[in-house]
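Peer 1: Before I ask anything, let me first share the structure, which is written out below as structure tokens.
What follows is calculated from the coordinates using simple rules that are stated; it is not laboratory data. All values reported here derive from a predicted model rather than from experimental measurement. Every residue, glycine among them, receives a Cβ derived from its backbone with ideal geometry; neighbour counts consider all protein chains shown.
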Amino acid sequence: MTTAYDPSGVHPVIGVDAGTTTLREADHLIRDLRTTLGLPPGTVACTHLIRTDTRRGTAVSLALPEEGSAEEAWQRLTATEMGAALGDLRHGPSEAAALAAAEHAARRSGRAVLYAGVDRLTGTVTVADLLESTAIDQLTVVGAPLATPDPTTPILTQDHVRPEWREGHLVLALVPAVGNTLAPFEVPNPTPCCADHP
């Protein structure tokens with residue numbers, strides 16, 4: 001991969017809980033935070049389903065490329081009413097934020113919305129292009145988990161590619177599509193979440 005993303009490094013992770021309930025709302029929150037917090041290139045932002053005694057919904061996590069950008073983002077977040085967690089620091093209603101941050105930091109779970117190379121995943125790309133130009137580590141084809149897709153196989157992205165953290169790797173689930181192509185398992189619901197954004 002040719003981006004600034006360093007999969008082997010340890011990155012500070014901030015959890016954020018704005019009270020979102022759906023993945024679509026969480027996707028919008030990430031796009032808003034990207035702008036309002038001035039998230040730098042190399043940030044990996046994920047959504048997390050939260051199920052606790054006090055909260056049912058979604059929270060997001062932001063893995064920033066270095067401490068300085070995490071400190072700046074933290075300062076901006078603490079000026080809001082959103083719940084936030086960074087290491088041992090807490091702000092507002094932070095239980096869900098802390099859960100999201102811990103899961104992302106351990107790379108156990110999280111549905112990535114913002115990651116290195118995501119902007120290149122529009123239209124149709126090949127398996128090789130996707131793996132070489134993004135932070136996605138692995139592909140799995142639903143119904144054929146042991147098969148490795150041919151590097152030249154086209155992937156119809158629908159401009160909506162959401163890999164997930166699984167056992168330390170960013171993995172994209174794919175399904176067979178028309179004409180010997182593949183498509184992401186998750187499809188836009190019912191249209192891309194930010195169709196009204198530039």
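Peer 1: Could you tell me, in Å, what Rg and Dmax come out for the Cα atoms of region 118-184?
Peer 2: Cα radius of gyration and Dmax of region 118-184 are 10.8, 32 Å respectively.
Peer 1: Sort the following peptides by mean Cβ neighbour count (other Cβ atoms within 10 Å, averaged over residues), highest first: 86-96, 61-71.
Peer 2: Working: 86-96: 17.3, 61-71: 19.5.
Sorting 86-96, 61-71 by mean packing, highest first, produces 61-71, 86-96.
Peer 1: Suppose we look only past 13 Å in the calculated P(r) of region 59-105. What percent of the Cα-Cα pairs does that tail hold?
Peer 2: 50 percent
Peer 1: Once you put a point 7 Å from the Cα of Thr36 and another 7 Å from the Cα of Asp137, both along the Cβ direction, what distance in nm separates them?
Peer 2: Those two pseudo-labels are separated by 3.2 nm.
Peer 1: Something else about it: What is the helix-to-structure angle for 67-77, meaning the angle in degrees between its Cα long axis and the longest Cα principal axis of the chain, kept from 0 to 90 and rounded to the nearest 10?
Peer 2: Helix 67-77 sits at roughly 60 degrees to that axis.
Peer 1: Given the Cα-Cα distance of Thr122 and Glu66 and 0.36 nm per residue of separation, how much length would full extension add, in nm? Intermediate values should be presented prior to the final figure.
Peer 2: Working: separation 56, 0.36 × 56 = 20.16 nm, distance 2.80 nm.
Answer, rounded to one decimal: 17.4 nm.
Peer 1: Could you tell me whether region 36-129 comes out rounded, prolate or oblate from its Cα gyration tensor? Rule is a ≥ b ≥ c as square roots of the eigenvalues, rounded for a/c under 1.5, then prolate if a/b exceeds b/c, otherwise oblate.
Peer 2: Judged from the Cα gyration tensor, region 36-129 comes out oblate (a/c at least 1.5, b/c at or above a/b).
Peer 1: Read phi for every residue in region 114-119 and hand back ³J(HN,Hα) as whole Hz from Karplus 6.51 cos²θ - 1.76 cosθ + 1.60, θ = phi - 60°, with x for Gly and Pro.
Peer 2: Values per residue, Gly and Pro as x: 10, 7, 4, x, 4, 5 Hz.
Peer 1: Continuing with the same structure: Residue separation times 0.36 nm, minus the C-alpha to C-alpha distance between Thr78 and Thr22: what's the value?
Peer 2: Fully extending the segment from Thr78 to Thr22 adds 17.8 nm.
Peer 1: What FRET efficiency would be calculated for the residue pair Ala144, Ala102, taking the C-beta separation as r and a Förster radius of 30 Å, to the nearest 0.05? Provide the component values of the computation, followed by the final result.
Peer 2: Working: r = 33 Å, r/R0 = 1.08.
Computed FRET efficiency for Ala144 and Ala102 comes out at 0.40.
Peer 1: Could you tell me the center-to-center distance, by alpha carbons, between region 106-181 and region 17-60 in angstrom?
Peer 2: 21 Å
Peer 1: With angles folded into 0 to 90 degrees, how steeply does helix 23-36 sit against the dominant principal axis of the chain? Use alpha carbons for both and round to 10.
Peer 2: Computed tilt is about 70 degrees.
Peer 1: Compute the long axis of helix 95-105 from its Cα atoms, compare it with the longest principal axis of the Cα atoms of the chain, and write down the angle in degrees, 0 to 90, nearest 10.
Peer 2: On a 0 to 90 degree scale, this one is about 50.
Peer 1: Which entry in [x] 15.8, 47; [y] 16.5, 48; [z] 16.6, 51 is this structure's computed Rg and Dmax of the Cα atoms in Å?
Peer 2: Here Rg and Dmax of the Cα atoms in Å agrees with entry [z].
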